[in-house]
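The next block holds one structure in the form of structure tokens; read it before the comments.
The values are calculated or read from the model by the stated rules, or taken from the named source; none is laboratory data. Note that the structure is a prediction, hence the values are computed from the model and not measured. Every residue, glycine among them, receives a Cβ derived from its backbone with ideal geometry; neighbour counts consider all protein chains shown.
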Amino acid sequence: MFKFNKIYKEYDAPILGPISLDIKKNSFVSILGSSGAGKSTLLRLASDLIKPTSGSIEYANNEKPNIGFVFQDPTLLPWRTVIDNVLLPAELTSKNKKLSKEKAYFWLSKVGLEGKENSLPNQLSGGQKMRVSIARAMFQDCSLLLMDEPFAALDEVSRNKLEDDLLDIWKKNELTVLFVTHSVTEAVYLAQRVLVMSSNPGKILDDVIITEKRLRDDGQQSSEFFSKINYLTNILKKEKSE
Amino acid sequence: MIKRYLSFMAPIITFLLLLFAWELIVNFQNIPKYILPAPTDIFTSFLLNYSDLLRSTFITFRITFFAFMIASLLAIFIAILFSQSKIIELSLYPIAVIFQVTPVVAIAPLILIWVGLDNAEFAILILAVIVAFFPVLANTNLGIRSVEKNLSELFSLYEANRFQRLFKLQLPYALPFILTGMKTSIGLALIGSVVAEFVAGSGTSTGLAWRIIEAGNRLDVPKLFAALILLVVLGVILFLIMSLLEKILLKRWDIDKS
Ligand SMILES: Nc1ncnc2c1ncn2[C@@H]1O[C@H](COP(=O)(O)OP(=O)(O)OP(=O)(O)O)[C@@H](O)[C@H]1O
Ligand SMILES: [Mg+2]
């Protein structure tokens, strides 16, 4: 899908780098790392919203894909109703012009906001706003989906449901997902590959492949699942104490 | 309920009591009308001169309203230009500031000469526009600049063009700021048109300012007061209309202006 070649990012101080990465098409990659490690910055770089100080990003076929982005904040236009917020990408991007209104309604009901379509963002709770933002990203036909702690503000039941919905979408479509989270379990449950970032400056500390998938309903979780979780938790702990 | 009723009635009752005290003092102290007329004298004078006074009120209102509209539209337009090009902003903003800091009385004679003394009303309009212009410009400019960075990023993500960004993000975001500017500006437009008419003096215009000068020259203080009161009422009504408009338009907006 895309490659990072020795990327560095500096603001006043070095924030990130060097980072070299190869994200395969149709893969699902989770990113873990302590607060301030540069995870959001990494997603912004991947979406071309900010430019690296040095190094380069190479998209496959030298063409920027249609990118869906769930930002860490809901990022809604306060004067637009929920449905009009979801429809925004269709109004702005020519690639998204042909998306139908039905699809927007479908996604709103999928994230559990049926009946809230004509509410304004300030009438919603924090978690509900976040779900509008998720619906907006899913509404687009993107081929690269960047998600920055999308489910952090949700209760566990909705969260598990949306995780499974996301996996379902990802399996059925040509979709590459980069998923930032603070939950090790979530990272391992969702992804085929987990990147662990260290901070000051942000680097990729570890790159773990998850092969065996757990089924949420089946009580017999594989030992691989738990050993990966333990392994990753230990790395994060160690990184913190250094 | 009672509280609401009180907050509505209290100022009215206070006002009536003050009028009453005023009336009593003037009558018992035998203060001459040309120093301080009693409220009843003012009212009588208004009844005697109402056609003159209302016509003048209308003329002042008309100039104020057009000056306000022209100033607002022009200011918003220029603020949009500023948002599109840093060079335009850097070159024009100082000029706007110069207009803002120059007292309107000081440039009034010049404008009068340029447009001709027999075009006094046009000169007054121009002067009122100059006075009313700046708050809308400054606030619109501020509003467009205040657009949250993450919303701006969202529009970059969707590859929005300039126009989409302007009409779907920057102007809607700036609306509360624009309305704040317009609320200040409508009062200034009134002040501008009155001050300019004072300076224009004996020209062809016959707004409320002229009625005040005229009544003053003739020591017809009751009429002077009547004109003054109409001026205040006009100002308050204009401000209330703007506040109401703001309230209606901003129902949906929930932006932190701090
Ligand atoms: N625009 C900016 N200007 C200056 N510094 C910035 C900017 N954006 C981010 N940073 C810095 O970059 C570092 C990484 O920020 P980033 O938001 O990527 O962290 P994060 O890993 O997403 O953290 P969190 O888990 O808390 O969201 C932080 O130290 C932050 O202060
Ligand atoms: Mg972040």
Query - the range A:62-86 - residue that is in contact with a strand residue (DSSP E or B) (Cβ under 6 Å, 6 or more places away or on another chain) and either among the hydrophobic types (A, V, I, L, M, F, W, C) or in a loop (DSSP other than H, G, I, E, B) (or both) and, of those, farthest from ligand 2 (Cβ to nearest atom) - result: A:PRO65
**Report entry** In the range B:56-83, the residues that are loosely packed, with under 14 Cβ neighbours inside 10 Å and under 19 Å from B:VAL233 (Cα atoms)
**Finding:** B:PHE58
Report task. Report yes if A:LEU32 is within 16 Å of ligand 2 (Cβ to nearest atom), in the same structural domain as A:VAL177 (by TED's automatic domain parsing) and either free of Cβ contacts under 8 Å to residues at least 12 places away in the same chain or in a strand (DSSP E or B) (or both), otherwise no. Result -> yes
Query raised in the report: Across the range A:35-48, which residue is nearest to ligand 2 (Cβ to nearest atom) among those that are more than 14 Å from chain B (Cβ to nearest Cβ) and at pLDDT 90 or above?
Result: A:LYS39
Report summary line: Condition set at pLDDT 90 or above and outside any loop (DSSP other than H, G, I, E, B), scope the range A:108-121, selection surrounded by the fewest Cβ atoms within 10 Å (Cβ to Cβ): answer is A:SER109
**Report entry** Residue that is nearest to the other protein chains (Cβ to nearest Cβ) [pool: residues in the range B:146-173 that are farther than 16 Å from A:ALA90 by Cβ and of a type in the set (Gly, Ala, Ser)]
**Finding:** B:SER156
Report summary line: Subset of the range A:122-168, residues within 12 Å of another protein chain (Cβ to nearest Cβ), of a type in the set (A, V, I, L, M) and part of a helix (DSSP H, G or I), comes to A:ALA137
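Results for (1) crowded, with 16+ Cβ neighbours inside 10 Å; (2) within 24 Å of B:SER156 (Cβ to Cβ), shown as yes or no for each residue.
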site: A:ARG80; (1), (2): yes, yes
site: A:ILE83; (1), (2): yes, yes
site: A:SER100; (1), (2): no, no
site: A:GLN128; (1), (2): yes, no
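Quick check, is B:GLU23 farther than 30 Å from B:SER193 by Cα and among the acidic types (Asp, Glu)? Before you say what the answer is, go through the steps one by one.
On the way: farther than 30 Å from B:SER193 by Cα: yes; among the acidic types (Asp, Glu): yes.
Yes, satisfied.
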Report summary line: Of the conditions (1) under 30 Å from B:GLU214 (Cα atoms); (2) surrounded by fewer than 21 Cβ atoms within 10 Å (Cβ to Cβ); (3) in contact with a helix residue (DSSP H, G or I) (Cβ under 8 Å, 6 or more places away or on another chain); (4) not charged (D, E, K, R), the single one that B:SER51 does not satisfy is (3)
Query raised in the report: Among (1) among the aliphatic types (A, V, I, L, M); (2) under 19 Å from B:GLU214 (Cβ atoms); (3) surrounded by 13 or more Cβ atoms within 10 Å (Cβ to Cβ); (4) out of contact with any Phe, Trp or Tyr (no Cβ under 7 Å at 6 or more places or on another chain), which single condition is B:ILE35 missing?
Result: (3)
Query - Of the criteria (1) more than 16 Å from ligand 1 (Cβ to nearest atom); (2) within 14 Å of chain B (Cβ to nearest Cβ), which one A:LYS171 fails - result: (2)
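State all residues of the range B:103-120 that are hydrophobic (A, V, I, L, M, F, W, C) and under 16 Å from B:SER193 (Cβ atoms); if no residue qualifies, say none. Break it down into steps so the answer makes sense when it comes.
Within the range B:103-120, the first condition is being hydrophobic (A, V, I, L, M, F, W, C), and the residues that meet it are B:104-108, B:110-115, B:117, B:120.
Of everything in the range B:103-120, those that are hydrophobic (A, V, I, L, M, F, W, C) and under 16 Å from B:SER193 (Cβ atoms) turn out to be B:VAL104, B:VAL105, B:ILE107, B:ALA108, B:ILE111, B:LEU112, B:VAL115, B:ALA120.
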Requested in this report: Taking B:ILE178 as the residue in question, decide whether it is more than 30 Å from A:PRO65 (Cα to Cα), under 23 Å from the mean Cα position of the chain (by Cα) and surrounded by fewer than 21 Cβ atoms within 10 Å (Cβ to Cβ).
Outcome: no
Report summary line: Across (1) on the phi < 0 side of the Ramachandran plot; (2) away from every other protein chain (no Cβ under 14 Å); (3) in contact with a Pro (Cβ under 9 Å, 6 or more places away or on another chain), A:ALA60 clears everything bar (3)
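Quick test for you: out of A:VAL196, A:VAL180, pick the one residue that is in the same structural domain as A:LYS24 (by TED's automatic domain parsing), aliphatic (A, V, I, L, M), closer than 17 Å to A:ASN26 by Cα and crowded, with 22+ Cβ neighbours inside 10 Å.
Numbers: A:VAL196 fails: closer than 17 Å to A:ASN26 by Cα.
Among A:VAL196, A:VAL180, only A:VAL180 is in the same structural domain as A:LYS24 (by TED's automatic domain parsing), aliphatic (A, V, I, L, M), closer than 17 Å to A:ASN26 by Cα and crowded, with 22+ Cβ neighbours inside 10 Å.
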Query raised in the report: A:PRO89: closer than 30 Å to A:GLY38 by Cβ, surrounded by fewer than 19 Cβ atoms within 10 Å (Cβ to Cβ) and within 14 Å of chain B (Cβ to nearest Cβ), yes or no?
Result: no
Report task. Collect the residues in the range A:164-177 that are buried (at least 21 other Cβ atoms within 10 Å of the Cβ) and free of Cβ contacts under 8 Å to residues at least 60 places away in the same chain, keeping them in residue-number order. Result -> A:LEU166
